1. For Thr107, tell me the accessible area in Å² from a 1.4 Å probe, rounded to the nearest 10.
2. Give the long-range amide H neighbours of Phe241: residues separated by 5 or more places, or on another chain, with amide H under 5 Å away, using H modelled in the peptide plane at 1.01 Å from N.
3. At a 10 angstrom cut-off on C-beta neighbours, averaged per residue, how do the peptides 16-22, 255-261, 79-85 rank from highest to lowest?
4. Return one quarter of the surface area of the convex hull spanned by the alpha-carbon atoms of segment 147-293, equal to its mean projected area, in nm².
5. Toward the positive end of the charge dipole of segment 231-275, about the Cα centre and with charges on Cβ (Lys, Arg +1; Asp, Glu -1), which of Val249, His261, Ala231 goes farthest?
6. If you look at just the Cα atoms of segment 1-115, how large are its Rg and its Dmax in Å?
7. Dipole size in debye (nearest 20) for segment 225-266 around its Cα centre, Lys and Arg Cβ +1, Asp and Glu Cβ -1?
8. Taking R0 as 41 Å, what's the FRET efficiency between Ala280 and Arg179 from their Cβ-Cβ distance, rounded to 0.05?
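The values are calculated or read from the model by the stated rules, or taken from the named source; none is laboratory data. Everything numeric in this text was worked out from a predicted model, so none of it was measured. All Cβ positions, even for glycine, are placed from backbone atoms using ideal geometry, and neighbour counts span all protein chains on display. Heavy atoms of the whole protein, side chains included, go into the accessibility calculation; ligands, DNA and RNA do not. Shrake-Rupley method; radii C 1.70, N 1.55, O 1.52, S 1.80 Å.
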Amino acid sequence: MKWGIVFASTGFPDPEDAVALAVAAEQAGFESLWAPEHVVQSRRTDATPYRGVTNGSMDRLSRRGGMPDPLIWLTYVAAVTSRIRLGTGVLILPEHQPTVLAKTAATLDHLSGGRLMLGIGVGELPEEYAAVGMEFRNRGRRMDEYIDAMRVLWRDDTATFAGEHVSFDQVECRPWPVRRAIPLFVGGASEAAIRRAATRGDGYFPFVFPGQDPLVELPKLLARVREETRAVGRDPDAMEFTAGGARNVEEAKVYADFGVHRLTVAVRGRTIAEMRDDVARLGDVLVAPTADL
């Protein structure tokens, strides 16, 4: 079992804290750090509720100093680490111009020695889309096309792509990713997210809504992704599944039986000293005992 730390950037947005977390996590044996994305937060009283928490507010996510750009934050901590992998959890892909994003992501992957993983999703907050000047209603179709376009830019020495929303003709976009690809983990729980993971994902990052039991909902989601992956002629055993919710070794074993490859936890320490203690403790009680799962 691999373990990652989620909400890493929102918990430790400042320079000294970010470096301390990354170094402590690598030393404790964590496999990855995951940084979420929301470019802006609406402060309108009639704003669309955020369904990731019961009260509909993202205040908790950014309470400690905002929500840093995930790729910039990950680049910063990449410079002080050598092994720990770097993930976005999740980056809202249709809010980005895909050619520019492909270049940014490939640069980070190149500089970090191939450590980048892109967790990607469509998001569900129209106010955020409006603020970045992107259309909300066609975000799913654009995401599918953006995935295809970015992979062409990473894969081909001279890339050509003709789509409804993005096109380019005989271009080079360097530096290339170390493996000429960057793993894409599709996040979400909708039928569209399941289809997208099955048809285009290297992995799946399911979302279990507050109030739902992950031990009940997670097996259903993973089974649907496997079913859809097999139906489109892809190998479901090649999919990498990432999930949160395990709180102890016994639960980690249950998740492993579900077929989960990576579990994530959040670090609660407020100060650097508390964070280091928390990371070391989690390494001792979770990471080390489940290494052979």
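1. Thr107 exposes around 40 Å² with every protein chain in place.
2. Tyr204, His261, Arg262
3. With the highest mean Cβ count within 10 Å placed first, the list reads 16-22, 255-261, 79-85.
4. That works out to 11.9 nm², a quarter of the Cα hull's surface.
5. Highest projection toward the positive end goes to Val249.
6. Rg, Dmax (Cα atoms, Å): 14.8, 45.
7. Dipole size: approximately 80 debye.
8. The value I calculate is 0.80.
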